[in-house]
Ligand SMILES: [Zn+2]
């Protein structure tokens, strides 16, 4: 079922449609803006990416990713420990 929107100025009907960023739905009669793209979707995607990055960042620093074995001696370290080890060795 197709939705229609009403112009807030002249009450003319306009067919509702999906809008891309930067587009507006304007009234054919008076030119007023009837609908703008929903920016909540963009904010939602940004929060999802940020929270995913936070979770993956914590996991990457908790579990060891580097394992050194020299002369039978084994040492495992995470990202931060690997960077610190490289800096200490010059
Ligand atoms: Zn109008």
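Quick note: the coordinates plus some simple rules give every number you see, no bench work behind them. The model shown is predicted, which means the values in this text are computed figures rather than measured ones. Glycine gets a Cβ as well: all are built from the backbone with ideal geometry, and neighbour counts include every protein chain shown.
What the table below lists for this structure:
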read-out	value
Residue-span extension gain [residue 11 to residue 24] - 0.36 nm each, minus C-alpha spacing	3.0 nm
At R0 = 25 Å, FRET efficiency that the Cβ-Cβ distance of residue 43 and residue 63 yields, to 0.05	0.20
For the chain, calculated [θ]222 nm from helices alone, where every DSSP H run of n ≥ 4 adds -39500 (n - 2.57)	-12000 deg cm²/dmol
Segment residue 86-residue 50, extension gain: residue separation times 0.36 nm, minus the distance between their alpha carbons	10.1 nm
Highest average packing first - 4-16, 78-90, Cβ atoms within 10 Å	4-16, 78-90
